Amino acid sequence: MPENMISKVYIDGEFVTPHGTELADLFNPATGKVIGQVQLADEVDAEAAVAAAKRALPAWSATTKEERIAALRRLQAAVAARRDELLESIVVEYGAPVRNEWMADSAAGTFADMITTLKSFDFTRQVGQATVEMAPVGVAGLISPWNSDAFFICDKLATALAAGCTAVIKPSELSATQTQVLTQALHQAGLPKGVFNIVTGRGDVVGTAITRHPDVAKISFTGSTAVGRIIYREAAETFKRVTLELGGKSPSIILDDADLDAAVNGALAAGFVNSSQACVAGTRILVPASRLDEVLAIATAKMADFPAGDPRDQATAIGPMVSERQWERVQSYIRRGVEEGARIGAGHVPGRYRHRSGP
């Protein structure tokens, strides 16, 4: 059995052995080595998690704003207390450069942000002659991606709890080590049983079970456009409320009168944020045709300021792709660009170097 064997999910306030028996390997993307395994939840586990959240809903939805703020403070403190351990798991399992401390700090920060929002949020509003009461929608299904595991889990959870909803969280199976550290921290906050449940499993198994479940009233999903379409269709069967944050091709736009040195540096920083594995990354740079050559020259020179390498090296700005599958996907985009007439100004030509084996 691997040293890092994750064999528990979190349901109804307890760490329990999943009904699911499938095991998935966990990798260090910087070395390609297996660092552990996770036992994946299945539909039965998802059902149990939803049932627990449904039982907890009446009491939690009746809490006052002050009670929710107190709970969010406990969650913030609990996550902040495990900050260093969380950062270590992010470096090892995700391959994030160690200098990206914000990836650990942002998790606790989501609760602080929601506390600030909740303090000034008015649940009762006067609209014309009508009094409108903002009420919890019900059990929320929160499906998060692998590229910032702790942040997305905490951000979605903080929002749901502040609204008076209970939650079933389905994190990515690629981030099980990070999720384990985070779940242990959240458990220490001592919230009522069932208010939040965390079941790590595959999207087409646990994710589908949550999305289709009649007792889940709201879905929040961050991930690919292709999966977002599936979730949108499945949620429509039970008229769920759905929030989708999907992948895109966000551009940085540099205008004629820009300080090119500063603008290009900012555009590259936006593109390489989180090792370029971010839905908010600026993956295109649009410039006036008359200044294209200047921008290319500056961008090529500034690539030296964004070195790729060992994530434990403080100089590293760009770590490895999270998996070999993701690496191959990126290489395919580069190859397609070259085939369509693009030229590579910096970096390796696809296929001309050997990638280290991995997941």
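The table that follows gives values for the structure above.
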{"read-out": "Residue check, L87 part of a helix (DSSP H, G or I), over 24 Å from A167 (Cα atoms) and at pLDDT 95 or above", "value": "yes"}
{"read-out": "Which listed residue is assigned to a helix (DSSP H, G or I), among the hydrophobic types (A, V, I, L, M, F, W, C) and touching a Lys or Arg at 6+ places or on another chain (Cβ under 8 Å), from L57, L142, L118", "value": "L118"}
{"read-out": "Selection from the range 87-112 of residues that are surrounded by fewer than 17 Cβ atoms within 10 Å (Cβ to Cβ) and over 18 Å from A278 (Cα atoms)", "value": "E88, A112"}
{"read-out": "Near pairs, Cβ below 7 angstrom, 6+ apart or cross-chain, from the range 22-45 (outside the structural domain of V9 (by TED's automatic domain parsing) and among the aromatic types (F, W, Y)) to any residue that is surrounded by fewer than 22 Cβ atoms within 10 Å (Cβ to Cβ) and not in a strand (DSSP E or B)", "value": "none"}
{"read-out": "Members of the range 272-286 found to be touching a residue at least 12 places away in the same chain (Cβ under 8 Å) and either buried (at least 16 other Cβ atoms within 10 Å of the Cβ) or assigned to a loop (DSSP other than H, G, I, E, B) (or both), listed by number", "value": "F272, N274, S275, S276, Q277, A278, C279, V280, A281, G282, T283, I285"}
{"read-out": "Test: residue in the range 251-262 that is under 25 Å from P29 (Cα atoms), crowded, with 17+ Cβ neighbours inside 10 Å and either touching a strand residue (DSSP E or B) at 6+ places or on another chain (Cβ under 6 Å) or not assigned by TED's automatic domain parsing to the domain that holds A308 (or both)", "value": "no"}
{"read-out": "Residue under evaluation A289, criteria (1) over 30 Å from F152 (Cβ atoms); (2) buried (at least 17 other Cβ atoms within 10 Å of the Cβ); (3) hydrophobic (A, V, I, L, M, F, W, C), criterion not met", "value": "(2)"}
{"read-out": "Flag if K193 is more than 23 Å from Y94 (Cα to Cα), surrounded by 20 or more Cβ atoms within 10 Å (Cβ to Cβ) and either more than 21 Å from the chain's Cα centre (by Cα) or not hydrophobic (A, V, I, L, M, F, W, C) (or both)", "value": "no"}
{"read-out": "Residue list for the range 1-46, filter: assigned to a helix (DSSP H, G or I) and either aromatic (F, W, Y) or under 24 Å from A189 (Cα atoms) (or both)", "value": "D45, A46"}
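The values are calculated or read from the model by the stated rules, or taken from the named source; none is laboratory data. Only a predicted model underlies this, so the values are computations on that prediction, with no experimental measurement involved. Cβ: placed from backbone, ideal geometry, glycine included. Neighbour counts: every protein chain shown.
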